[in-house]
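A short write-up of the structure that comes next.
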Amino acid sequence: MGKAVLGGVGASILASSLLFSTTTQAEDSVFGWVENAYIEPWGIAVKAKLDSGALTSSLDARDIEMFEKDGEVWVRFRLKLEDQESGEIFSDQIERPLYREQAVRGAGGRDERPVVLMDVCMGNTIYEEQFSLRNREEMNYPLLLGRRTISHLGLLDVRNTYLQEPECGEDAAYVPHDPKDEQS
């Protein structure tokens, strides 16, 4: 009889923890390994690859140059992105303060890339994230979202694509970059 009561209590605790776990997971948005995103504030619709193997997000940028402005280092670059909705090419020159420089080691050797903070709309939220700038012309996706960004989004389902439509209007939630949120 004691075993039956203990079994009932154990089953009840197990069921409660499973319910809590399921409830917590249900609150997280689920994103596929490829999603549509908007680069804000311009509203440029681009395909984004969510890559858990990369730490920092990366954005296709051309004519990258660093310069000094008001005693700080800034980055001037040109975005060359085809808007997935209109088919138009967005090719504006952008200036942003340099957030940091990222050292990248690969088959071609060591490379330093500027990193800036920019806004991206994913789902119904705008996230201010770190983006390393590099020419991604030869890549399939002009926007790569790394673990720092993915950790803010929710869950990643690597079996699916296009699970969330970006819908960030004037009332969209905004998640500012947190400098303490550094992963290694």
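The residue that is surrounded by the fewest Cβ atoms within 10 Å (Cβ to Cβ), among those in the stretch 128-148 that are of a type outside the set (Phe, Trp, Tyr) and within 14 Å of Val34 (Cβ to Cβ), is Asn140.
Taken over the stretch 102-127, the criterion of being of a type outside the set (A, V, I, L, M) and either surrounded by fewer than 14 Cβ atoms within 10 Å (Cβ to Cβ) or over 25 Å from Glu65 (Cβ atoms) (or both) is satisfied by Arg105, Gly106, Gly108, Gly109, Arg110, Asp111, Glu112, Cys121, Gly123, Asn124, Thr125, Tyr127.
Every residue, every condition in (1) more than 19 Å from Leu145 (Cα to Cα); (2) touching a Leu at 6+ places or on another chain (Cβ under 9 Å), yes or no:
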| site | (1), (2) |
| --- | --- |
| Leu55 | no, no |
| Asp60 | no, yes |
| Val73 | yes, yes |
| Arg76 | yes, no |
| Leu81 | no, yes |
| Glu85 | yes, no |
| Glu88 | yes, no |
| Ser91 | yes, yes |
| Glu95 | yes, no |
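Taking each residue of the stretch 162-173 that is without any contact (Cβ under 8 Å) to a residue 60 or more places away in the chain and looking for partners that are open to solvent by 50 Å² or more (accessible area, probe 1.4 Å) with beta-carbon atoms closer than 9 Å, six or more apart or interchain, yields Glu167/Asn124; Gly169/Asn124; Ala172/Asn124; Ala173/Asn124.
Among the residues of the stretch 150-175, those that are open to solvent by 80 Å² or more (accessible area, probe 1.4 Å) and not hydrophobic (A, V, I, L, M, F, W, C) comprise Arg159, Tyr162, Glu165, Glu167, Glu170, Asp171, Tyr174.
The values are calculated or read from the model by the stated rules, or taken from the named source; none is laboratory data. Quantities reported herein were computed from a predicted structural model and do not represent experimental measurements. Note that each Cβ is placed from the backbone with ideal geometry, even for glycine, and that neighbours are counted across all protein chains shown. Calculation scope for accessible area: heavy atoms of the full protein, side chains included, ligands and nucleic acids excluded. Shrake-Rupley method; radii C 1.70, N 1.55, O 1.52, S 1.80 Å.
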